[in-house]
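Asker: Right, I'll just put the structure down here and ask away after.
The values are calculated or read from the model by the stated rules, or taken from the named source; none is laboratory data. Because the structure is a prediction, the values reported are computed rather than measured. No Cβ is skipped: glycine too gets one built from the backbone with ideal geometry, and neighbour counts run over all protein chains shown. Each accessible area value is taken on the protein alone, full model and side chains, heavy atoms only, with ligands, DNA and RNA left out. Shrake-Rupley method; radii C 1.70, N 1.55, O 1.52, S 1.80 Å.
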Amino acid sequence: MPELPEVETLKRSLEKYVVGHKITSFMQFRSSLRYELDPNLATKTVNSFISKLQRVAKYLIIELSNNNSIIFHLGMTGRLTLRKINYEFQKHDHLVFVLENENLIVFNDSRRFGMVYVCNTNQLKMQKYLKNIGLEPFSRQFNAEYLVNCFKNKKTPIKSAIMDNKIIVGVGNIYASESLFLSKISPLRPAQTLTTNEILCLTRSIILVLNEAIDAGGTTLRDFVNGDNKPGYFKQKLNVYDRKNLNCYCCKAKITKIMQSGRATYFCSICQS
Ligand SMILES: [Zn+2]
């Protein structure tokens, strides 16, 4: 599943080819993805210039000169790729935005859990999926003090707490396990039991792990392709994730896998307490 670093990588790689260019036509090969698609996607987008790309949590947003914004969520298998005008469409290509510079923005999604819709740019922050979300990990407001405050009465395990979108966005399953390992904190600890120092360390680890993933072009265990059509995974070195029964790089103990809230958690029971 594409996570924050993949979407950030996608944004950075796409923007240099699309910002400032006009959408000249739109093609749609099916009427629904996860939800029914807006039948007016073409009228709301064609003949507008792309003014800006931004990422909010795991949403990629293309802002247009007509004050509309196209919001993409890649779901499980969604991919947005940049293609040339002579591109031959492939299975699961569902939506295509044609640009005047002869590039195509193609949305492909085999399992169709993705979401694409258009809203007025002024109303972006009021959208169902974008309101009530927590802080961006790279925002200035995201710091240890903020987390200390969020966790002070929280009895849920720390791993679930850092994956809670209402607290912080973009800490997906891989990055939650990895940042807890770097902080030497057990994923099972109730959030409220963390000391201020541990929270400070965790805050830094979350930012570090996400930055490393962005630098690596976005980790993924699936078929993510970024906007430059390069495979998105120059897989960053993962310390615990997907390493069940392999030796911990620090202490050589075997990495443990457990299930927490239906998601796999990996950790070292010696290094993390
Ligand atoms: Zn260890």
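Asker: Sort out which residues of segment 96-129 are of a type in the set (A, V, I, L, M, F, W, C) and within 22 Å of Leu4 (Cα to Cα), and write them in order of number.
Answerer: Going through segment 96-129, the residues of a type in the set (A, V, I, L, M, F, W, C) turn out to be 96-99, 104-107, 113, 115-116, 118-119, 124, 126.
Within segment 96-129, Ile105, Val106, Phe107, Phe113, Met115, Val116, Val118, Cys119, Leu124, Met126 qualify.
Asker: Return the pair list, or none, for Cβ contacts closer than 7 Å from residues in segment 41-59 that are among the aromatic types (Phe, Trp, Tyr) to residues that are outside any strand (DSSP E or B), at least 6 apart or on different chains.
Answerer: Phe49/Gly20; Phe49/His21; Phe49/Ser65; Tyr59/Tyr129; Tyr59/Leu130
Asker: Being open to solvent by 90 Å² or more (accessible area, probe 1.4 Å) and within 9 Å of the ligand (Cβ to nearest atom) is the filter here; which residues of segment 262-273 pass it? Step through it out loud before you land on a result.
Answerer: So the first thing to find is which residues in segment 262-273 are open to solvent by 90 Å² or more (accessible area, probe 1.4 Å), and the list is 263, 270.
Correct list: Ile270 only.
Asker: Could you check Ser179 against (1) in a loop (DSSP other than H, G, I, E, B); (2) at pLDDT 95 or above and say which number it fails?
Answerer: (1)
Asker: Follow-up. Of all residues being at pLDDT 90 or above and closer than 20 Å to Leu208 by Cβ in segment 224-246, which is farthest from the ligand (Cβ to nearest atom)? Just the residue, please.
Answerer: Kept after step one, since they are at pLDDT 90 or above, are these residues of segment 224-246: 238-246.
Now restrict to residues that are closer than 20 Å to Leu208 by Cβ: 238-243.
On the way: Leu238: 14, Asn239: 9, Val240: 9, Tyr241: 14, Asp242: 16, Arg243: 11 Å.
Ranking the candidates gives Asp242 first.
Asker: Provide a single number: the residues in segment 247-261 that are modelled with pLDDT of 95 or more, away from the ligand (no atom under 11 Å from the Cβ) and out of contact with any Pro (no Cβ under 7 Å at 6 or more places or on another chain). Don't jump to the end; show me each part of the working.
Answerer: At the first step, the residues of segment 247-261 found to be modelled with pLDDT of 95 or more are 247-260.
This time we only want the ones that are away from the ligand (no atom under 11 Å from the Cβ), so: 257-260.
Checking which are out of contact with any Pro (no Cβ under 7 Å at 6 or more places or on another chain) leaves us with 257-259.
Count: 3.
Asker: Which residues, taken from segment 107-141, are farther than 29 Å from Asp93 by Cβ, open to solvent by 10 Å² or more (accessible area, probe 1.4 Å) and touching a residue at least 40 places away in the same chain (Cβ under 8 Å)?
Answerer: Matches in segment 107-141: Asn122, Ile133, Glu136, Phe138.
Asker: Specify which of the listed residues (Leu130, Leu124) is within 17 Å of Ala57 (Cβ to Cβ), aliphatic (A, V, I, L, M) and part of a loop (DSSP other than H, G, I, E, B). Reasoning before the result, please.
Answerer: Details: Leu124 fails: part of a loop (DSSP other than H, G, I, E, B).
Exactly one of Leu130, Leu124 is within 17 Å of Ala57 (Cβ to Cβ), aliphatic (A, V, I, L, M) and part of a loop (DSSP other than H, G, I, E, B), namely Leu130.
Asker: I'd like to verify a number: residues in segment 149-178 that are open to solvent by 50 Å² or more (accessible area, probe 1.4 Å), closer than 16 Å to Leu200 by Cα and in contact (Cβ under 8 Å) with a residue 24 or more places away in the chain, how many?
Answerer: Residues that pass the stated criteria total 1.
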